[in-house]
Every structure is written in structure tokens, then in C-alpha cells.
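The values are calculated or read from the model by the stated rules, or taken from the named source; none is laboratory data. This one's a predicted model, so the numbers in the text were calculated from it and none came from an experiment. Every residue, glycine as well, gets a Cβ built from its backbone with ideal geometry; the counts of neighbours run over all protein chains shown. Heads up: the accessible areas ignore ligands, DNA and RNA and are worked out on the full protein's heavy atoms, side chains in. Shrake-Rupley method; radii C 1.70, N 1.55, O 1.52, S 1.80 Å.
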Amino acid sequence: MFADLKARHRRERDAEPAALSLRVHRALSWLGRAEQSADDRDVQFVLLWVAFNAAYAQDLAIDISQSERERLHAFLGQLCRVDEKRFENLLWHEFSGSVRMLLENRYVFQPFWDWRNGRISEADFQRQFDGARRAAERALGAGDTNVVLQIVFHRLYTLRNQLVHGGATWNGDINREQVRDCATILGRFVPLIIATLMDYPGEEWGPVHYPVVS
């Protein structure tokens, strides 16, 4: 996937807005390295998340009141608005089983860890988990791609926090299942997101983090 996208970007970058071209270039650089790390799922997932960040993150100074979750929701909503069908196909046809398994995995549901760390009660965790599961089932049943994407990326974000903030052991035995599944899912979504950015160069994808300074 990286090779095809990289070749396409070389052909099209001169016609792309400068911010978009830089965004795609950076995302592709991390995607390419992630594809070389298939034998190390922890590292691969982190690299894929950096690629995803490069694709969507904007200058935080443009709206300091907007939370990370709000920015993520806005980006996923924008992707679905410009081309929902491609993400719908990936969710319903390729990853329907994997997505359902991910949504049932309490270890990538942040309130589970809030309970384990004493921030909320077990009853609160269970109530939130059951509520999130019902919301996911409603969205799946209704074919609401945007909502399902948001729920999936919340789970991915929890694993991202675990790994990036040192909350897991590299290649640890106890978290292999969720790392493997999350790396597989993110590994398909990131190329699709990059392709969508290039397919819609006229869309306002926002200013990039840390522009190039010569």
C-alpha cells in the first residue's frame, strides 16, 4: 500500500496545496516504516498511530478550547462526509468481525482502567461499558459509519495511550490479542485515510503541526 501511495504522491504533489502535500508526505514516511515492522506489532502500532497523527493533526493553537476527542471526531466526520462509502466498505465487509471483537474487549475501553486505578467504581465502569456496547450495536445496526468509526478510534486511542505512555511491556504476553487486532485495523485505515486526503485536495484539511522551516 505504501509503495502505490508514495508513487501517486510523487505524481500529484506539485498540484496539491502545500499543507496537504506536507501532511501526506509525513504520513507516508511513517506508514512506510510501519509496513517494515510487521514482525513487531507493538512498534508497528505506534508507527501507524504517528502516521495517523500526521494525516489528521492540526495546529493546536487554532482552537485551544477544542479537545483531542473533538478534533478526532471532527476529522472522522469530515472523512465520512467527503467519501463515506469507502470507510463503510472497510467496516462492514472486511472488518465487521474484528470491529465487534474490539468493541467487546474491555482492555481497550478507558473506563475499565479508570476503575482499576480507583477513579470510578466497578458499577460505573460496567454501566459505561454496557452503554457503549449498546451504542455500538445501534450504530452497527443502523449502518452509521461515522459513529462506528468514532467508537473504534476511541478504542485504538486507549491502546495508543497504554503503549506511548509506558503502560505496557514491549512484546508482553498479556496484551497480544488487542495489539495484534488494533495494528491490523489501523494498518488498513491509515492508507485509506491518506488516499482520501489525496482524492479531495480541494477540501480544507487544516494547517499542519510544525511546518517546515528552512
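Worth pointing out:
- Taken as a whole, the structure leaves GLU104 outside the set of residues that are of a type in the set (D, E, K, R), farther than 21 Å from PRO201 by Cβ, open to solvent by 30 Å² or more (accessible area, probe 1.4 Å) and touching a residue at least 40 places away in the same chain (Cβ under 8 Å).
- Here GLN178 does not fit the description of being part of a helix (DSSP H, G or I), farther than 28 Å from ARG33 by Cα and of a type outside the set (Phe, Trp, Tyr).
- The range 163-214: number of residues that are on the phi > 0 side of the Ramachandran plot and surrounded by fewer than 17 Cβ atoms within 10 Å (Cβ to Cβ): 3
- Here LEU76 does not fit the description of being touching a Pro at 6+ places or on another chain (Cβ under 8 Å), surrounded by 14 or more Cβ atoms within 10 Å (Cβ to Cβ) and either modelled with pLDDT under 95 or not basic (Lys, Arg) (or both).
- Residue within the range 114-137 that is modelled with pLDDT under 95 and within 20 Å of ALA57 (Cβ to Cβ) present: no
- Within the range 116-125, one or more residues are closer than 23 Å to HIS73 by Cα and part of a helix (DSSP H, G or I).
- The criterion of being closer than 28 Å to GLY141 by Cβ and of a type outside the set (A, V, I, L, M) holds for PHE95.
- Subset tally (residues that are surrounded by fewer than 19 Cβ atoms within 10 Å (Cβ to Cβ), among the aliphatic types (A, V, I, L, M) and either at positive phi or modelled with pLDDT of 95 or more (or both)) for the range 28-42: 0
- Subset of the range 153-192 [in contact (Cβ under 8 Å) with a residue 60 or more places away in the chain and among the acidic types (Asp, Glu)]: GLU177, ASP181
- The residues on offer are GLU70, GLU84, and the sole one that is surrounded by fewer than 14 Cβ atoms within 10 Å (Cβ to Cβ) and in a helix (DSSP H, G or I) is GLU70.
- Cβ-Cβ under 7 Å pairs, at least 6 apart or on other chains, the range 87-101 side aliphatic (A, V, I, L, M), far side exposed (fewer than 13 other Cβ atoms within 10 Å of the Cβ): none
- Complete set of residues in the range 140-154 that are farther than 16 Å from ASN89 by Cβ and open to solvent by 10 Å² or more (accessible area, probe 1.4 Å): GLY141, ALA142, VAL147, GLN150, ILE151, HIS154
- Residues that are open to solvent by 50 Å² or more (accessible area, probe 1.4 Å) and basic (Lys, Arg) within the range 1-27 comprise ARG10, ARG11, ARG13, ARG26, listed in sequence order.
- Cβ separations smaller than 6 Å between residues 6+ apart or across chains give the following pairs from the range 41-53 residues that are in contact (Cβ under 8 Å) with a residue 40 or more places away in the chain to residues that are open to solvent by 40 Å² or more (accessible area, probe 1.4 Å): ARG41/ARG180; ASP42/TRP170; TRP49/ARG160; ALA51/TRP30.
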